[in-house]
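The structure appears right after this line, and notes come after that.
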Amino acid sequence: MNDEIKKNQSYYFYVSVTIEIESLDQLAALAKIKNEKIDADGPPKNVISTQGLYRGQSKEYPLIPKTYRGKFRLSGEIENDTTKQFAYFVENQELSKFIEIGRKQNKDFPTTEVQQMVLAQHYGIATPLLDWTKNILVAVYFALDLKLDIDNGEEPCFIYHIASENLLTKMPETDFYKINDLCYVIPGPIDRRVVRQHGCFTFHPNPKQFTKDKIPVVKYVLNLELKLKLWKFLESIGLTSHYLFPDYAGLANFIQAKKML
């Protein structure tokens, strides 16, 4: 991995400060957390009151969308729309195939390209989107990634925080391959996963060089002792895999991955 990517987390973000979170009280100070049980059959509740966007990671991976991991294009300019369009197609073949087949299989498949991309992202297809949430506890869930085999369980996990969505450019209405800046994507209620996870996204064009005006993120580090306490807390309020992934695919993944939560 490029040393500059590893150090700075991304072409588009940089870690402005790293904070060790050692207690539930310290985490609660970041947000107004209410110990309120989630109704699995009812609408999602905001059990927090926070600003900005959060992303939870079980490991310290760079903040780069799946479709670009290991496929960085830092040298050579792409000068015209034809080569840009071709590069975008090559980099997003999984996404193109998902949309092509999804349209044929499901009459209710989303009609806009952004919503199609959001749906693909939620089902594990490589896209130029990076997942975020407006609910810090959802970010905690994804950071924990507790499994029964607990390999590397003693390692810390991480939450990244963008202080305000106003730091991001709103997604323009144009062909994706023409976009040159990091953009903020607000999905509609096209899927129960999106709604329950309070999901939102950043759209990343494949960079040709490191961005000068990077977006600052705060990195919170959670240790093993706190991870176990958070697991019990999330379980107590019903913020589990069954709630966040309310479909058969989510249930199968929960069983196959031997998740604890």
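The values are calculated or read from the model by the stated rules, or taken from the named source; none is laboratory data. Remember, predicted model here, so these are calculated numbers, not experimental data. Reconstructed Cβ throughout: ideal geometry from the backbone, glycine too, with neighbour counts over all protein chains shown.
Can you confirm whether the range 224-239 contains a residue that is touching a residue at least 12 places away in the same chain (Cβ under 8 Å) and over 25 Å from Glu154 (Cβ atoms)?
Among the residues of the range 224-239, at least one is touching a residue at least 12 places away in the same chain (Cβ under 8 Å) and over 25 Å from Glu154 (Cβ atoms), which makes the answer yes.
Answer yes or no: is there a residue in the range 115-136 that is assigned to a helix (DSSP H, G or I), at pLDDT 85 or above and surrounded by fewer than 19 Cβ atoms within 10 Å (Cβ to Cβ).
Yes, the range 115-136 contains a residue that is assigned to a helix (DSSP H, G or I), at pLDDT 85 or above and surrounded by fewer than 19 Cβ atoms within 10 Å (Cβ to Cβ).
How many residues does the range 5-37 contain that are small (Gly, Ala, Ser) and either more than 21 Å from the chain's Cα centre (by Cα) or at pLDDT 85 or above (or both)?
Of the residues in the range 5-37, 4 are small (Gly, Ala, Ser) and either more than 21 Å from the chain's Cα centre (by Cα) or at pLDDT 85 or above (or both).
Is one or more of the residues making up the range 63-79 of a type in the set (Val, Ile, Thr), more than 27 Å from Ala120 (Cβ to Cβ), in contact with a Lys or Arg (Cβ under 7 Å, 6 or more places away or on another chain) and modelled with pLDDT under 60?
Within the range 63-79, not a single residue is of a type in the set (Val, Ile, Thr), more than 27 Å from Ala120 (Cβ to Cβ), in contact with a Lys or Arg (Cβ under 7 Å, 6 or more places away or on another chain) and modelled with pLDDT under 60.
Is it true that some residue in the range 207-227 is closer than 30 Å to Thr111 by Cα and either surrounded by 13 or more Cβ atoms within 10 Å (Cβ to Cβ) or not aromatic (Phe, Trp, Tyr) (or both)?
yes
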